[in-house]
Amino acid sequence: MADKEETNLADLLAKLSEQQQTIENLQRTVAGGPADMNQAVKPSWSLGLSEDEEDDVEKMINGGGKEQHDEVDNEIAILLEDIEKGPDYGAEVLPQIAESFRKTVERPLTKESKEKLKLALKIPSNLKQFVPPKTNSEIWKILPSNARVVDIKSQQTQRALGEALSALSMIASTVVAHKTVIPKEATSSIVKLALDAGNILGDQIQSLNSSRRQEVKKHLNPEYAGICTSEIPHAEWLFGNNSADMRLYLPQDKCDRVVRKCSEAVLRPHMSVRKLAELIGTLISAVPATKYGLLYTKQLEQEKAAALEKSGNWNETLILSEDAILDLNWWISNIPGSFSCLHQPDPDCIITTDASPTGWGAWIEASDIKTYGFWSGASRDFHVPRSL
């Protein structure tokens, strides 16, 4: 009996010792500090992959390692720094004033209220700069619908900021107009507060102008991107009032490429139809920034179409005519200083033309004059649409 009790006691002591060891191990783990906790620990589960494959999965899930996490975390910390530290509150305003202003950020305005405020807060005639600039018509007409919607919403926000600026200007103007009956200190304080608030709102309007330009830039060809520069001041129009003076130039490398290809064609007018098509493509890509450039591709187009009609083979060799060589020389001479104006004046007369393998027609829109005719045998053989 005594031996059995001694055995049970020994087992109990062994279990207590085992539990004590487990507790000590847990304590060491918790007290190990950052150095121990930062050590990579392999999970007890597995995806059934090799070590290299598991490393790849780890990179996919965790973004490629601690360094990248630290970089992202630092960026987020910088962005949230001002928000997390909270505002530096000032002195309290009167309770009834606080209650009224608190409602402005807690409840949305109804459509009717917005309309009433627009009527009450009309922009002063000598502060037309508060009106949001419109997008220049030359640019507006080429923007897709979704880009127009984004721009209109930005204009609506700017309009609201402009109305708020109008209210501040009216407050300052009213106070100054009655400065003889208002204490000097109060007049100065009110005007200063109005101007300070105006500076904040005005800065937001300018930021929105810049954001609008950057949004529009996404939908422009690189050749047009220069008009989005901050060097062009905002005015009645988002991209400046002097759009007639905005000029589009070819990048220098593209200009050099056009000159090089045209020079090669002039020196070696024997080329394949495919080579001529490539040359025409290069010239067409330069047309947006080359005034009258499209006109000097027509002869080349005709000779390409005629050669293709004759042989049906893109690898067939042709010889450029003297007229085509003259057009290529025009490109060589004019492309270095070429440009195209963003603003195109309205035409005095619009002539609509069309042609087919059998005939042609034209219509002058303003005077409703029409004319048409049929190709002669020789003209029919030469006519470009025959190859289409």
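The values are calculated or read from the model by the stated rules, or taken from the named source; none is laboratory data. Model, not experiment: these values are computed from the prediction. Please note: Cβ atoms are built from the backbone with ideal geometry, for glycine as well, and neighbour counts cover all protein chains shown.
If you go through segment 136-163 and keep only what is modelled with pLDDT of 90 or more and of a type in the set (K, R), you end up with R148, K153, R159.
Going by the structure shown, is E112 in contact with a Ser or Thr (Cβ under 7 Å, 6 or more places away or on another chain) and part of a helix (DSSP H, G or I)?
no
Condition check ((1) more than 18 Å from K254 (Cα to Cα); (2) assigned to a helix (DSSP H, G or I); (3) out of contact with any His (no Cβ under 7 Å at 6 or more places or on another chain)) across all residues:
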{"site": "G281", "(1), (2), (3)": "no, yes, yes"}
{"site": "E301", "(1), (2), (3)": "yes, yes, yes"}
{"site": "A305", "(1), (2), (3)": "yes, yes, yes"}
{"site": "N313", "(1), (2), (3)": "yes, no, yes"}
{"site": "D323", "(1), (2), (3)": "yes, yes, yes"}
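Residues in segment 270-312 that are of a type in the set (S, T, N, Q) and either touching a strand residue (DSSP E or B) at 6+ places or on another chain (Cβ under 9 Å) or touching a residue at least 60 places away in the same chain (Cβ under 8 Å) (or both): S272, T290, Q302, S311. For first residues located in segment 101-123 and within 13 Å of A164 (Cβ to Cβ) and touching a residue at least 40 places away in the same chain (Cβ under 8 Å), partners that are among the β-branched types (V, I, T) and part of a loop (DSSP other than H, G, I, E, B) and lie 6+ apart or on another chain with Cβ distances below 7 Å form the pairs I123/V131.
Among the residues of segment 196-206, is there at least one that is within 17 Å of the chain's Cα centre (by Cα) and not aliphatic (A, V, I, L, M)? Show your work before the answer.
Kept after step one, since they are within 17 Å of the chain's Cα centre (by Cα), are these residues of segment 196-206: 206.
Those left that are additionally not aliphatic (A, V, I, L, M): 206.
Yes; the residues of segment 196-206 include at least one that is within 17 Å of the chain's Cα centre (by Cα) and not aliphatic (A, V, I, L, M).
Is segment 126-138 home to any residue that is basic (K, R) and surrounded by fewer than 12 Cβ atoms within 10 Å (Cβ to Cβ)? Looking for residues that are basic (K, R) and surrounded by fewer than 12 Cβ atoms within 10 Å (Cβ to Cβ), one finds at least one in segment 126-138, hence yes.
Conditions (1) assigned to a loop (DSSP other than H, G, I, E, B); (2) assigned by TED's automatic domain parsing to the domain that holds A160; (3) at pLDDT 65 or above; (4) of a type outside the set (A, V, I, L, M), marked per residue:
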{"residue": "D73", "(1), (2), (3), (4)": "no, no, yes, yes"}
{"residue": "I78", "(1), (2), (3), (4)": "no, no, yes, no"}
{"residue": "E92", "(1), (2), (3), (4)": "yes, no, yes, yes"}
{"residue": "Q96", "(1), (2), (3), (4)": "no, no, yes, yes"}
{"residue": "F101", "(1), (2), (3), (4)": "no, no, yes, yes"}
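Cβ-Cβ distance below 8 Å, separation of 6 or more or different chains: which pairs start in segment 210-223 with a residue that is closer than 15 Å to P144 by Cα and end on one that is at pLDDT 90 or above and of a type in the set (S, T, Y)? Within 8 Å, the pairs are R212/S154; E215/S154. From the list S188, S154, the one residue that fits, being over 19 Å from P124 (Cα atoms), of a type outside the set (D, E, K, R) and in contact with a Lys or Arg (Cβ under 7 Å, 6 or more places away or on another chain), is S154.
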